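J.: Would you mind keeping the following structure in view while I ask a few things?
The values are calculated or read from the model by the stated rules, or taken from the named source; none is laboratory data. Owing to the predicted nature of the structure, the values given are computational and were not obtained by experimental measurement. Here Cβ is always computed from backbone atoms with ideal geometry, including for glycine, and neighbour counts include all displayed protein chains.
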Amino acid sequence: MKFNDKDKSIINANNYDFNYKVWKSEKESSDIIIAVHGYNDYSNAFQIPGTFLSTYNIDTIAFDLRGFGINEDNGNWFHLKFHLEDLKFTINKIKKNNPNKNIYLLGESMGGAIVLSLIQRNKILPIKGVILVAPAIWNFSNSNYWKSIPLRIFSKLFPDLKVSGKTIIKVQASNNHNMLEELSNDKLFIHKPNLRSLQGVIDLMDESFVDAQKYFNKPTYNTLILVPLIDEIVPRKPLIEILNNKKLINNLNHKIHIGLYKDSYHMILRDINGDEITKDIKDWVYDKNSFKNNTKFQNLHKMLTETEFYHKLD
């Protein structure tokens, strides 16, 4: 079933049939992570970390964003504002059903960009903290102005034209080849997005980048950021640009903790050593101060700027 812009204007979270996946602890948990997946992916992205966290008494709940996964509008693109309303609706719904539990919000890749926009625009969400995993912090249109013009033009002329990333540029998303092989055969994962969708995710990241700049100037929530240094999907320089802000530096190890992982790829929680990174999430949920003496959270600027760059646009 196809939805046009007029249809989208009347769709709201109250009557949208979200597909939720839950990885629940055997014992009664006091902590819940709401996880938001990345571009072309869906809720199953958290099968590995969700299973791991459940063994440490942390529940994980994920859902398919509009236009992705099992949803009947799979392949369509929805503006950032719809995802923000859907996520806010989900948070409030889960908190209402679990009033005495701590709610954490986790966003991976594009999901991280969506989460950043949400927390910048909503200062009193009923959440205990935010976890950004390889977040898509990328001002693509500004940093790649001349490259952005052809895509914008073609997305207007041929919005439904599907393209395969493999034909444009080859990238490695993870070192977990078994997981990647399964993903390549997963019919719910979008392997060939259309040009409307590609332009849409660029617009989303552009908008979120502005929100990220504002948020890191004055963060409202305890925030954990996990950055894989072998990232061929999202470039590192836009993050470095934000980290050069003196106000953010003053917030490091207070409201904001950043972990750098030199041997990790973009799908950091699904890498071969993904459980080690997910363990850091578990530790942070249990004790925010546990990271003050963690070497992964030291020498940030030096590692970000002097470690080899892997993204073609860095």
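J.: Of all residues in the stretch 158-174, how many are part of a loop (DSSP other than H, G, I, E, B) and not aliphatic (A, V, I, L, M)?
T.: Residues flagged as part of a loop (DSSP other than H, G, I, E, B) and not aliphatic (A, V, I, L, M) within the stretch 158-174 amount to 7.
J.: What about residue 80, is it surrounded by 17 or more Cβ atoms within 10 Å (Cβ to Cβ), modelled with pLDDT of 95 or more and under 26 Å from residue 284 (Cα atoms)?
T.: When the stated conditions are applied, residue 80 does not pass them.
J.: Taking the condition under 24 Å from residue 163 (Cα atoms) and basic (Lys, Arg), does residue 66 pass?
T.: For residue 66, the condition - under 24 Å from residue 163 (Cα atoms) and basic (Lys, Arg) - is met.
J.: Picking from 227, 210, 234, 201, which residue would you name as being surrounded by fewer than 18 Cβ atoms within 10 Å (Cβ to Cβ), closer than 21 Å to residue 140 by Cα and at pLDDT 95 or above?
T.: 210
J.: Restricting to the stretch 36-48, and then to whatever is in contact with a Gly (Cβ under 7 Å, 6 or more places away or on another chain) and either touching a residue at least 60 places away in the same chain (Cβ under 8 Å) or not polar (S, T, N, Q) (or both), can you tell me which residue is farthest from residue 21 (Cα to Cα)?
T.: Checked the stretch 36-48; the qualifying residue farthest from residue 21 (Cα to Cα) is 38.
J.: While we're on this one: Please verify whether residue 81 is among the charged types (D, E, K, R) and touching a Ser or Thr at 6+ places or on another chain (Cβ under 7 Å), treating the condition exactly as stated.
T.: In short, no.
Residue by residue, here is whether (1) farther than 20 Å from residue 132 by Cβ; (2) of a type in the set (Val, Ile, Thr) holds:
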position: 33; (1), (2): no, yes
position: 39; (1), (2): no, no
position: 46; (1), (2): no, no
position: 51; (1), (2): yes, yes
position: 58; (1), (2): no, yes
position: 62; (1), (2): no, no
position: 75; (1), (2): yes, no
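J.: May I pose another question? Select from the stretch 257-314 the residues that are of a type in the set (D, E, K, R) and under 17 Å from residue 173 (Cα atoms) and write down the one among them that is modelled with the lowest pLDDT.
T.: 314
J.: Looking at (1) within 27 Å of residue 30 (Cα to Cα); (2) assigned to a helix (DSSP H, G or I), which one does residue 135 not meet, given that it meets all the others?
T.: Condition not satisfied by residue 135: (2).
J.: Kindly indicate the residue of the stretch 94-133 that is touching a strand residue (DSSP E or B) at 6+ places or on another chain (Cβ under 7 Å) and free of Cβ contacts under 8 Å to residues at least 40 places away in the same chain and also surrounded by the most Cβ atoms within 10 Å (Cβ to Cβ) among those meeting that condition.
T.: Here the residue is 95.
J.: Can you pull out the strands (runs of 3 or more DSSP E) entirely within the stretch 29-109 that have at least 3 residues that are polar (S, T, N, Q)?
T.: Qualifying strands (runs of 3 or more DSSP E): none found.
J.: From 122, 142, which residue is on the phi < 0 side of the Ramachandran plot and modelled with pLDDT under 95?
T.: Result: 142 is the single residue among 122, 142 that is on the phi < 0 side of the Ramachandran plot and modelled with pLDDT under 95.
J.: List every residue pair whose Cβ atoms lie under 7 Å apart, where the two residues are 6 or more positions apart in sequence or sit on different chains, the first residue falls within the stretch 78-92 and is under 23 Å from residue 104 (Cβ atoms), and the second residue, located anywhere, is modelled with pLDDT under 95 and in a helix (DSSP H, G or I).
T.: Cβ pairs passing all conditions: 82/8; 85/13; 86/13; 89/13.
Residue-wise test of (1) more than 18 Å from the chain's Cα centre (by Cα); (2) assigned to a strand (DSSP E or B); (3) of a type in the set (S, T, N, Q).
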| position | (1), (2), (3) |
| --- | --- |
| 148 | yes, no, yes |
| 152 | yes, no, no |
| 156 | yes, no, no |
| 197 | no, no, yes |
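J.: A further question on this structure: In the stretch 1-57, what residues are of a type in the set (Val, Ile, Thr), closer than 16 Å to residue 80 by Cα and either surrounded by 18 or more Cβ atoms within 10 Å (Cβ to Cβ) or at pLDDT 95 or above (or both)?
T.: Matches in the stretch 1-57: 36 only.
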